[in-house]
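Scroll down for the structure; my scribbles are underneath it.
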Amino acid sequence: MLVGSRFGDGLAALWLACCCWLIALGWSRLWIRLLLALAVSLICAFVPYFGPMLSISHLVNPKCSPNEGGVGDCIVYGGEVGGVAHKVVSLGWRIIEGAPIAIGIFVVYAIVAAIIELRSRRQALRPLG
Amino acid sequence: MRFRFAAFRVIFAAAAVFWLSAAQTAAAQSNNDPDILAAYVYRYADYYLPYAIQSSTAYKPVGTLNTMRDTGLGDEVDYAVQNAIPASQEDLRGHARKIFKPWRYQFGSDAYLDCLDWADEACKTAYARRGWNFGSGPTYHVWARTRATARAACSEVSIAFRGTVGLSGGDWYSNLSRFGSPYDDYYKQLQRNVDTIMRQIQNLDCYRRAVRKPQIVSTGHSLGAGLAQFVALATKSGGPRVAKVIAFDPSPVTGAHLVNKALLAENVQRLVIDRVYESGEVLSYARAAVQEFPQAKSRCNPQVRTVEVKAARGSMMGLHGIELLATNLADLTYNEGNPLGYRAPATLVGSCDVIYRPDSDEQLIARSGSQRLAALRRVYARSGSRRLVSNPANPAARAAVTWVGSRSSNGGPDPRLAAGPASNAFALVAGGAFGFTPLPRAE
């Protein structure tokens, strides 16, 4: 949940920029770079917000129904974990902040990668000497 | 190669600037909260409380409430209050029970809505064109408020919608409805059934017995608040309409994109939408960025009123709960056996007329408020979640605020407002931190 919260605060932008840089260093073909960048962006867009929810989904039972209203207890193995379980559901809303960041970084990266590719092709076509 | 690294420096710099600005904003929001967590909303808190209780209860199964309704003992009142206010606040539960006593559960649904009335051709046509479905539908409970003088008749009927539950695909696809969805989400299910729900309300025994036609309101929390706004925007032309929406921590999605413009223009006429939220909750930022129609600045047709409850601190996600909001609303106007007076928000603001009229029973429940300020001091001093610090308002602000608060018999400032913690609370109003203008007492 901490990761999800911090990502929404903009950490996703730095993290994704690092990923894009590593992708550019590690792969030379444009389509591979774009595919990897897209995959990383989608992971950063969804997983930090819905991952925690997925992780608690198996806890749901008649005595535990996590909801964003914070209504009701969530008893798991005799212990009350309602506070965190309910917050995890609300965390999903932060996708409204996180997804545009991830998609925005991908778009910027796609433009930069395409320009790099064009420049390198032009340089390759230029006659030597 | 040189070009590539130069380009990535730009990306890193942009990302770093973005991150720093976002981190600073988040830090400012979490660390510089005022120490006096109070607001002008205490005057209206009890008015909103029954709807907050209904929105909270909407998270509970319909079957349980149906059983309680069938026994006819009014057990649903206790059940609803227990769901809205934690057991640790037993005194507040007692207070909330008194406020919520006139309400009775009528009916509800938590199943997928195909067509509630198969004789409805429009619904059948819409159903034939439906998208994929998850087998889940919007959960709603219908409550009716009975009159103090005539228990068999009701004066107001409320439809309360549930918010998001867990990893429910139907709930989350509905939350993302604004971006277009091939799914038969809750907004679409409600769109084809809203008129049938209105007819079911009109067929209620207490509705038919009422001499004056009861007004219909809708309420809900988060996703439920979005759905509550949607039913007000999507009711069929010429039929009964929703007079008012009380939306708690509402979703920025209202489903307005699904309603044709002519019907939308008709349904927003004289409509009131009160958006009540806890300051700093997770959706307050989302609404500021991507609020669907109607916008918060709409002053007439529809009249959108934003009500900020600044009575707690915590994480964005923690502040989003309806249980917390309902408890705070109850706490703001109650102090160990001393319920404070409250009023309904004004029905006529400027020249904008609205359908909604506060129930005349409000007057029976609302007290004079003469004890309000004395008791308010104890309210601020009592709660562990609130801090009371010295933050004296300047005399000029006090003078202005005194007029906002109340007037003595000779028209001058009321001396009771001049000192003590209450004046700190009023200082928020004078500083323009809160969105309410002085309002007349509901008649």
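The values are calculated or read from the model by the stated rules, or taken from the named source; none is laboratory data. Given the structure is predicted, the values throughout are model-derived calculations rather than measurements. Here Cβ is always computed from backbone atoms with ideal geometry, including for glycine, and neighbour counts include all displayed protein chains. The protein model used for the area step is the full one, side chains on, heavy atoms only, and it has no ligands, DNA or RNA in it. Shrake-Rupley method; radii C 1.70, N 1.55, O 1.52, S 1.80 Å.
Both chains summed, the buried accessible area for A and B stands near 3500 Å², from protein heavy atoms and a 1.4 Å probe.
Over chain A, with the other protein chains present, what is the accessible area per residue in square angstrom, probe 1.4 angstrom?
Details: 6900 Å² over 129 residues.
It amounts to 53 Å² per residue over chain A.
Shown here for segment B:66-141: trypsin sites (Lys or Arg not before Pro) in loop regions (DSSP other than H, G, I, E, B) with at most 11 other Cβ atoms within 10 Å, namely B:Arg129.
Across segment A:2-125, the mean sequence separation of Cα contacts (distance under 8 Å, 6 or more residues apart), normalised by length, yields a relative contact order of 34 percent. The equivalent ellipsoid of segment A:2-125 has semi-axes of 41, 12, 9 Å, largest first, where each one is the square root of 5 times an eigenvalue of the Cα gyration tensor. For the cross-link pairs B:Lys60/B:Lys101; B:Lys188/B:Lys236; B:Lys188/B:Lys261; B:Lys236/B:Lys297, the ones whose C-alpha atoms lie over 21 Å apart are B:Lys236/B:Lys297.
Calculate how large, on average over all directions, the projected area of the Cα convex hull of segment B:40-369 is; give the answer in nm² to one decimal. The partial results should precede the final answer.
Values: hull surface 65.1 nm².
Taking the Cα atoms of segment B:40-369, their convex hull projects to 16.3 nm² on average.
Given all pairs of different Cα atoms, what value in angstroms does the Kirkwood hydrodynamic radius of segment B:313-353 take? Averaging 1/r across every pair of different Cα atoms and inverting gives 13.0 Å. Remark: segment B:190-268 projects, on average over all directions, an area of 5.2 nm² (convex hull of Cα atoms). Computed with every protein chain present, the accessible area of B:His95 is close to 10 Å² [probe 1.4 Å].
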